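> Below is the structure I would like to discuss, written out as structure tokens.
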Amino acid sequence: MIRKIRLLTGSAVFLTLCAVPAFPQTTPAPAPKAAAAKEEALPTADELSAKCAKGSGGKEAWAKIKTMTMTGTIEIPAMNMTGKLDVYAKSPNRLLRIVNIADGQFIQKQAFDGQAGWKSDPQSGLKPLEGTELEETKIEAILDTDARLKEVHPDMKVTGRAKVGDRDAYTALTHQPGGKTVLMYLDAETGLRLGEDSEGPDASGNVLKTSAVFEDYRSACGIQAPYRVRVTTPQFGFVLNIKEVHCNEPVDDSMFAMPSTDAPALPKS
């Protein structure tokens, strides 16, 4: 779930903003740096996954969360533009994400209803998700990823150490459907995810490199969530600031279903 914020998580965050056209390149967020080699052994993937689960609040806390809603803002400094982000999630794997930039000039919606996914935006209209894009959305829709990181990413392998800001971190490599590689940075002390680098083909087959840094962790709903995410691609960068997080409020399953093509549009965020 944190990748969606990338919800957060992260997610994960939020990388569907890459569909926004023609933004110029911005100054990237500081990238994690490789740390000097140390003699002590690296943790195993299972050990690091358990540390992440504990640091993010624990499996019991995650199990209590049946729904989660988030509201926030998006800042695109190079264009002096801002927007809104709304995320609705429901256990175990339903997700609706709405991005609204420049007071409705660009609105993108993407969802997974537990079995099928869909998206809509001004360029492509309304269409179902297929192939790699669908498989990636299935992963993003998992509410409690941080509570069972190794289960969600069974090929996860701890590869080394790095610095993210002033924090020591372990690096862990995993792969997603369609050939995308993801390098996660997890805090060596707390296990919290501090950032991730991803590289792989997008929905059009073009190779996309994305870096995300997760910051300003706070307690929300009994778990730890990053309230600020900085994302950088070769084309542009943006910052997500989460304003409110609510859990276990009613969220109807119909919100995640793909609208019919002749139905009224979903309400603007």
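The values are calculated or read from the model by the stated rules, or taken from the named source; none is laboratory data. Note that the structure is a prediction, hence the values are computed from the model and not measured. Here the Cβ positions follow ideal geometry from the backbone for every residue, glycine too, while neighbour counts run over all protein chains shown.
> For the stretch 188-202, name all the residues that are over 15 Å from the mean Cα position of the chain (by Cα), modelled with pLDDT of 85 or more and not aliphatic (A, V, I, L, M). Walk me through how you get there before you give the answer.
Within the stretch 188-202, the subset over 15 Å from the mean Cα position of the chain (by Cα) is 188-191, 200-202.
Subset that is modelled with pLDDT of 85 or more: 188-191, 200.
Result: Glu189, Thr190, Gly191, Gly200.
> List the residue pairs whose Cβ atoms are under 7 Å apart, where the first residue sits in the stretch 95-107 and is farther than 19 Å from Ala257 by Cβ, the second is charged (D, E, K, R) and surrounded by 18 or more Cβ atoms within 10 Å (Cβ to Cβ), and the two are 6 or more positions apart or on different chains.
Asn100/Lys84
> Taking Met184 and the conditions (1) within 18 Å of Glu140 (Cβ to Cβ); (2) more than 14 Å from the chain's Cα centre (by Cα), which numbered condition does it fall short on, given that it satisfies the others?
Result: Met184 passes all but (2).
> Moving to a separate point now. Is it true that some residue in the stretch 203-224 is part of a strand (DSSP E or B), modelled with pLDDT under 95 and over 17 Å from the mean Cα position of the chain (by Cα)?
yes
> Then there is this: Could you look through the stretch 67-125, keep only residues that are farther than 21 Å from Leu240 by Cα and among the small types (Gly, Ala, Ser), and pick out the one that is surrounded by the most Cβ atoms within 10 Å (Cβ to Cβ)?
Gly117
> Does Glu140 qualify as being among the acidic types (Asp, Glu), closer than 27 Å to Pro92 by Cα and surrounded by 19 or more Cβ atoms within 10 Å (Cβ to Cβ)? Walk me through how you get there before you give the answer.
Details: among the acidic types (Asp, Glu): yes; closer than 27 Å to Pro92 by Cα: yes; surrounded by 19 or more Cβ atoms within 10 Å (Cβ to Cβ): yes.
Answer is yes for this residue.
> To continue, here is another question. Can you confirm whether Pro267 is modelled with pLDDT of 95 or more, surrounded by fewer than 17 Cβ atoms within 10 Å (Cβ to Cβ), assigned to a loop (DSSP other than H, G, I, E, B) and of a type outside the set (Asp, Glu)? Quick ask: steps written out before the conclusion?
On the way: modelled with pLDDT of 95 or more: no; surrounded by fewer than 17 Cβ atoms within 10 Å (Cβ to Cβ): yes; assigned to a loop (DSSP other than H, G, I, E, B): yes; of a type outside the set (Asp, Glu): yes.
So Pro267 fails the test.
> Quick one: which residue in Tyr170, Tyr185 is more than 21 Å from Val239 (Cα to Cα), touching a Gly at 6+ places or on another chain (Cβ under 8 Å) and at pLDDT 95 or above?
Working: Tyr185 fails: more than 21 Å from Val239 (Cα to Cα).
After ruling out the rest, the residue left standing is Tyr170.
> Tell me, please, whether a residue that is surrounded by fewer than 20 Cβ atoms within 10 Å (Cβ to Cβ), within 21 Å of Arg218 (Cα to Cα) and within 16 Å of the chain's Cα centre (by Cα) can be found in the stretch 58-65. Full working, then the answer.
Going residue by residue through the stretch 58-65, those that are surrounded by fewer than 20 Cβ atoms within 10 Å (Cβ to Cβ) are 58-61, 63-64.
Now restrict to residues that are within 21 Å of Arg218 (Cα to Cα): 58-61, 63-64.
Still in the list and also within 16 Å of the chain's Cα centre (by Cα): none.
Within the stretch 58-65, none of the residues are surrounded by fewer than 20 Cβ atoms within 10 Å (Cβ to Cβ), within 21 Å of Arg218 (Cα to Cα) and within 16 Å of the chain's Cα centre (by Cα).
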